Amino acid sequence: QSTWGPLDSICAPMASPPGARDLEARVSELQSLVISLQKDLRAGGVGSDPQFELQRLEAVNRALELEMAELKKDHQAHVTDLVLQLGRIESDLGARLADLRENFAQVPDLEARRANERRVANDSALVARKRVFGIRASKLTEMLRVPDYATIHNLFVTIVIMAGLNIFITDYFENGAVMDLSLIWWCFGDFNWAAAIWLCMLAATFSIVPIAWVVHHSRGVVRGVFVLVYVALQLAMYAIPAYYARLWDFPPATSMALLLEQTRLSLKIHSYLRESYPSSLDGYEHSTVRPEALLETTVPRGGTLAQPWANWSVADEIGAYVYFLFVPTLLYRRSYPQGFGVRYGFVVRSFAEVVATVYFTYIVFRFVGPQFEKKAHEALTLKTLTLSVFSSMMPAMLIYIMGFFALLHAWMNAFAELLRFGDRHFYDDWWNATSWADFYRRWNGVVHDWIAAYLYRDAMTYLGLRRGAAQLFSFAVSAVIHEYIIFAALGFCYPILLILFAGPGIVFISLTEKRKARFWNIFMWFNLALGNGMLMVLYSREWYARRAPQICVAAPSSTSWWMPRSWVVGVSDCQELLSPQ
């Protein structure tokens with residue numbers, strides 16, 4: 001549709017010779033048209049379809065020529081001035097029409113060239129895209145407002161209660177114990193030492209504030225030295241917690257919590273380094289930033305100039321950084337949108353859901369753990385592996401779904417509510433994904449935003465990679481970090497997750513690309529269950545194989561941290577006995 005006024009009425013032939021007033025109105029209408037045309041031409045646009053607008057202009061020009069001939073014939077003696085005005089309008093419009101004909105004579109070639117330029121610039125547009133925060137609720141929060149979805153949630157709660165009662169009654173009547181939580185206490189043992197390491201890590205992260213200031217405000221050797229200091233800080237963040245977790249042999253839950261926190265802090269300080277000194281205003285109407293810190297108005301040479309962050313102080317910077325350390329996002333901004341109050345009942349319920357999920361995981365391992373422990377001395381054959389994986393798919397998926405609910409929904413929403421953090425888009429509807437690429441994007445929005453900003457787009461900007469290569473690079477780094485967490489938490493290198501990421505994970509991304517049929521959602525769920533079953537079986541067998549004193553191994557070299565011991569159990573003529581670690 002044209003935006004240049006009532007062209008249809010102007011192009012229509014005059015029904016009868018106009019009078020003086022009619023002619024004045026006609027001239028005024030045509031002058032308004034020319035003014036509108038001039039504004040659009042100055043803006044650099046002629047509508048959504050240049051060829052169409054060119055045809056419309058030609059029609060207007062023909063109509064003007066007919067009107068001019070009619071006016072010169074019938075009204076020259078009475079309306080000479082108006083005729084001259086119309087002549088100037090015709091001349092002006094004709095000149096601009098000639099320019100348009102010249103500019104759009106090769107419209108198809110021009111459009112093809114522009115399309116090619118858009119394709120070439122597509123990568124640059126992706127690089128320039130920046131995460132914008134807003135006031136948004138989590139997907140499950142919105143869904144649970146619907147009674148039908150709330151009933152499904154209530155069903156899960158009922159299942160947890162029933163399973164808990166089953167364990168409670170069994171322990172009471174068979175063992176005489178009111179509630180045996182020894183497994184939970186063991187899994188979270190030595191938590192005080194892990195908390196001490198976490199406090200040291202938290203204190204060390206504050207060194208990024210002066211490091212970032214120097215990096216952003218210096219050049220040459222000084223900047224290079226502080227970049228190296230930052231690299232050393234990151235290496236220490238990964239090495240020291242992992243070293244002490246293994247030196248003091250922390251239990252699995254404590255180690256996992258410590259390593260996840262270490263990774264979270266590492267990603268946060270990298271984002272702070274990249275985003276801590278914005279070049280433009282990045283504030284929100286209601287946010288963590290005091291309004292007077294956002295702008296300062298000065299009057300240089302009689303003009304008014306708004307300077308973003310002119311009143312920003314060191315105290316403001318430290319306050320924003322402290323808030324960022326605890327807010328559930330990995331992307332630093334000086335300002336975030338906020339809510340207007342804290343619902344403490346919602347916070348208590350969210351933490352209760354986290355505790356319930358931990359207890360449900362304990363219930364699952366109460367049933368499956370002894371099975372893995374009994375089979376720890378058996379050799380791993382194809383038959384044993386197949387039977388174990390398919391029998392573990394259901395409990396593994398239950399833990400997977402409950403873990404997602406506890407960490408990405410309940411835990412993050414609890415902290416977001418306490419800190420009045422407005423944007424709670426921590427994940428999307430990954431359960432509806434029909435392709436693995438969509439699943440990875442939707443599963444963990446917090447981590448995905450960081451990967452997209454600092455791995456994917458940086459790989460395209462600084463390494464010169466194209467989209468496909470940048471995706472593989474981001475995928476590989478993510479897989480290595482996941483495997484590092486598992487290795488440091490469990491105390492052995494068994495890169496099953498890395499192999500699944502690098503093998504089937506990449507294949508399934510290509511296989512399911514642009515798939516929309518319901519079958520592919522079933523395919524995604526089945527492979528997700530199969531993969532989680534394999535992870536549960538292989539990691540559990542390795543864990544128990546390294547801690548079962550009755551297991552013999554083939555040679556002393558197999559006791560090293562990198563050789564899977566579950567591969568060599570059951571071998572005859574064993575030469576040494578494993579001691580519990």
Original post:
Residues of the range 372-383 being under 22 Å from Leu528 (Cα atoms) and surrounded by 15 or more Cβ atoms within 10 Å (Cβ to Cβ), which ones?
Top reply: Phe372
**OP:** Hey, can you tell me all the residues within the range 205-221 that are open to solvent by 40 Å² or more (accessible area, probe 1.4 Å) and at negative phi?
**Re:** Phe206, Ser207, Pro210, Trp213, His216, His217, Arg219, Val221
**OP:** Could you check Leu380 against (1) closer than 23 Å to Glu542 by Cβ; (2) touching a strand residue (DSSP E or B) at 6+ places or on another chain (Cβ under 7 Å) and say which number it fails?
**Re:** (2)
Original post:
Is the range 353-369 home to any residue that is farther than 30 Å from Ser566 by Cα, more than 25 Å from the chain's Cα centre (by Cα) and hydrophobic (A, V, I, L, M, F, W, C)?
Top reply: yes
**OP:** Confirm whether Ser350 is part of a helix (DSSP H, G or I) and either of a type in the set (Ser, Thr, Tyr) or in contact with a strand residue (DSSP E or B) (Cβ under 6 Å, 6 or more places away or on another chain) (or both).
**Re:** yes
Original post:
Which ones in the range 350-371 are open to solvent by 20 Å² or more (accessible area, probe 1.4 Å) and touching a residue at least 24 places away in the same chain (Cβ under 8 Å)?
Top reply: Phe351, Glu353, Val354, Ala356, Val358, Tyr359, Thr361, Phe365, Arg366, Phe367, Val368
Subject >> Subset of the range 153-180 [closer than 25 Å to His409 by Cα and either touching a Pro at 6+ places or on another chain (Cβ under 9 Å) or hydrophobic (A, V, I, L, M, F, W, C) (or both)] >> reply: Leu155, Phe156, Val157, Ile159, Val160, Ile161, Met162, Ala163
**OP:** Hey, can you tell me all the residues within the range 454-477 that are of a type outside the set (A, V, I, L, M, F, W, C) and either on the phi > 0 side of the Ramachandran plot or open to solvent by 20 Å² or more (accessible area, probe 1.4 Å) (or both)?
**Re:** Tyr456, Arg457, Asp458, Thr461, Tyr462, Gly464, Arg466, Arg467, Gly468, Gln471
**OP:** Inspect all residues belonging to the range 134-148 and state whether any of them is open to solvent by 70 Å² or more (accessible area, probe 1.4 Å), polar (S, T, N, Q) and modelled with pLDDT of 85 or more.
**Re:** no
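Conditions (1) open to solvent by 20 Å² or more (accessible area, probe 1.4 Å); (2) modelled with pLDDT of 90 or more; (3) not in a helix (DSSP H, G or I), marked per residue:
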position	(1), (2), (3)
Ala236	yes, yes, no
Ala242	no, yes, no
Asp249	yes, no, yes
Glu261	yes, yes, no
Ser280	yes, no, yes
Original post:
Does Leu380 count as under 27 Å from Ile269 (Cβ atoms) and either touching a residue at least 40 places away in the same chain (Cβ under 8 Å) or of a type in the set (S, T, N, Q) (or both)?
Top reply: no
Original post:
If you scan the range 427-438, which residues turn out to be part of a helix (DSSP H, G or I) and either at pLDDT 90 or above or surrounded by fewer than 20 Cβ atoms within 10 Å (Cβ to Cβ) (or both)?
Top reply: Trp430, Trp431, Asn432, Ala437
Original post:
Residues in the range 441-450: is at least one modelled with pLDDT of 90 or more, aliphatic (A, V, I, L, M) and more than 28 Å from Leu382 (Cα to Cα)?
Top reply: yes
Original post:
Before we move on, is Tyr332 in contact (Cβ under 8 Å) with a residue 12 or more places away in the chain and open to solvent by less than 20 Å² (accessible area, probe 1.4 Å)?
Top reply: yes
**OP:** Please enumerate the residues belonging to the range 439-468 that are in contact with a helix residue (DSSP H, G or I) (Cβ under 6 Å, 6 or more places away or on another chain), of a type in the set (A, V, I, L, M) and outside any loop (DSSP other than H, G, I, E, B).
**Re:** Ile451, Leu455, Ala459, Met460
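The values are calculated or read from the model by the stated rules, or taken from the named source; none is laboratory data. Just so it is clear, the structure is predicted and the values come from calculations on it, not from any experiment. A quick note on method: Cβ atoms are made from the backbone with ideal geometry, for glycine too, and the neighbour counts reach across all protein chains shown. Side chains are part of the model used for accessible areas, which takes the heavy atoms of the whole protein and leaves out ligands, DNA and RNA. Shrake-Rupley method; radii C 1.70, N 1.55, O 1.52, S 1.80 Å.
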